[in-house]
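What follows is a short report on a single structure.
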Amino acid sequence: MRTEVAIVGAGPAGLLLAHLLARGGISSVVVETRSQDYVASRIRAGILEHSSVELLTEAGLGERLHAEGHEHRGVYLQWPGERHHLDFVDLTGRSVWVYGQTEVQKDLVAAGTAEVVYEVTDTVLHDVATDAPYLTYTDKSGRSARLDAQVIAGCDGSFGPSRHAVPAHHYERTYPYSWLGILADVAPSTDELIYAWHPNGFALHSMRSPTVSRLYLQVPNGTDPGDWPDQRIWDELATRLGHGQDGWKLTPGPITDKSVLPMRSYVQTPMRHGRLFLAGDAAHIVPPTGAKGLNLAIADVALLSRALTAWLRENNAGPAGSYSDDALRRVWRCTHFSWWMTTMLHASGDEFDAQLQLSQLRWVTSSEAGARGLAENYAGLDIGF
Ligand code: DHB
């Protein structure tokens, strides 16, 4: 089989890339190890920043997002005894949208623009540093297949084979804590997200819809979700989120999903080797605080689709030549922001750290310059930043 762009991975990065390329008249085939149902049901992040919404809308993928998503003006930051709202719209003119990655994935599948081969095994990338790269894999009926392309896009996350095909330098930071995340069938107890600092550890009240809440607790690495019965989770959330503070109440409800998420910062450079280009989690991982992972993947493929369209349609290799540097500029900005939000909000067990965190939180919530810095990074980076 032959195509112009062979895409490894049918998550949001791979499917959006296929969609954007198709709009530029470029053919692609996506190969994916998982089943369509598995990819569609993974629970992931839920916040789209301004430029992601703009891009999805311009790409014709915004209909359900605008009908069913919820626009938020900002977030709450709090610590015991105080809660402050940061209004991103007032501060930067930009908002964010609550719309789950699962929903973005459904919209991409429904658009039907990507040709996807699901449930492949043994995917291998070949000759990526030559003018004739190709993939080999075994399809779900056990037949060996070969996909020749002009370019390969590695959108297969941190566990996929693509990133290993790039001779690269790695930058990494691990954190001494994880998140316990729950989904609950209960109306959110807040209109906008609450990021809470607490001596017991960080807590976040997010949401997916008017009837589904998503909440997180900082827990030690290696935590077994089995050690957290539902009542213990709700009690701890109530403590950290300030149930009773100024009359605010956290309403508990049936928990439908419970999982522990590791926290890691990771950047692999460069994001290109010959005719292989990496996008999304294949090249970088951010800790979840600040919800940058999906937004970074969207920004990568926006740049990559433009670069590949210029190269394959207009014979202009310039944007492809600068893709890695262009993408990494934003990747490092978001890597810094995610690290900063994480270290500002999570309990480290050190008293000096705790005082610095509280001082930082007071500054961010009382100084317009401080607030605008957070708002600009949370809601406001341009795709080409
Ligand atoms: C969500 C996750 C985040 O990491 C965050 O900062 C905000 C929201 C979420 O899953 O809803």
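The values are calculated or read from the model by the stated rules, or taken from the named source; none is laboratory data. Values in this document were obtained by computation on a predicted structure and should not be read as measured data. Neighbour counts run over all protein chains shown; Cβ positions are idealised from the backbone, glycine included. What goes into the accessible areas is simple: the full protein's heavy atoms, side chains included, and nothing from ligands, DNA or RNA. Shrake-Rupley method; radii C 1.70, N 1.55, O 1.52, S 1.80 Å.
For every residue, the table says whether it meets (1) surrounded by fewer than 20 Cβ atoms within 10 Å (Cβ to Cβ); (2) free of Cβ contacts under 8 Å to residues at least 12 places away in the same chain; (3) farther than 21 Å from Arg44 by Cα.
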position: Val151; (1), (2), (3): no, no, yes
position: Tyr171; (1), (2), (3): yes, no, yes
position: Pro176; (1), (2), (3): yes, no, yes
position: Ile182; (1), (2), (3): no, no, no
position: Ser189; (1), (2), (3): no, no, no
**Study point:** Among residues of the stretch 39-56, those that are more than 13 Å from the chain's Cα centre (by Cα) and either open to solvent by 60 Å² or more (accessible area, probe 1.4 Å) or within 16 Å of the ligand (Cβ to nearest atom) (or both), counted
**Key:** 4
**Study point:** Residue identified as part of a strand (DSSP E or B), touching a strand residue (DSSP E or B) at 6+ places or on another chain (Cβ under 9 Å) and either open to solvent by 30 Å² or more (accessible area, probe 1.4 Å) or within 15 Å of the ligand (Cβ to nearest atom) (or both) among His84, His66
**Key:** His84
Study note, to complete from the structure: Asp227 vs (1) buried (at least 22 other Cβ atoms within 10 Å of the Cβ); (2) without any contact (Cβ under 8 Å) to a residue 40 or more places away in the chain: all pass except (1)
Review point. Which of the residues belonging to the stretch 5-53 are under 15 Å from Leu125 (Cα atoms) and part of a loop (DSSP other than H, G, I, E, B)?
Key: Gly9, Glu32, Thr33
**Study point:** Residue among Leu294, Leu312 that alone is within 16 Å of the ligand (Cβ to nearest atom) and either buried (at least 17 other Cβ atoms within 10 Å of the Cβ) or small (Gly, Ala, Ser) (or both)
**Key:** Leu294
Review point. Only one residue in Ala145, Ala165, Ala129 is open to solvent by 10 Å² or more (accessible area, probe 1.4 Å), among the small types (Gly, Ala, Ser) and within 24 Å of His19 (Cα to Cα), so which one is that?
Key: Ala145
Point to revise | Residue, nearest to the ligand (Cβ to nearest atom), within the stretch 280-291, restricted to residues that are open to solvent by 10 Å² or more (accessible area, probe 1.4 Å) and outside any loop (DSSP other than H, G, I, E, B) | key: Ile285
**Study point:** Yes/no for Leu77 being over 13 Å from Ala379 (Cα atoms), within 16 Å of the ligand (Cβ to nearest atom), touching a His at 6+ places or on another chain (Cβ under 9 Å) and open to solvent by less than 50 Å² (accessible area, probe 1.4 Å)
**Key:** yes
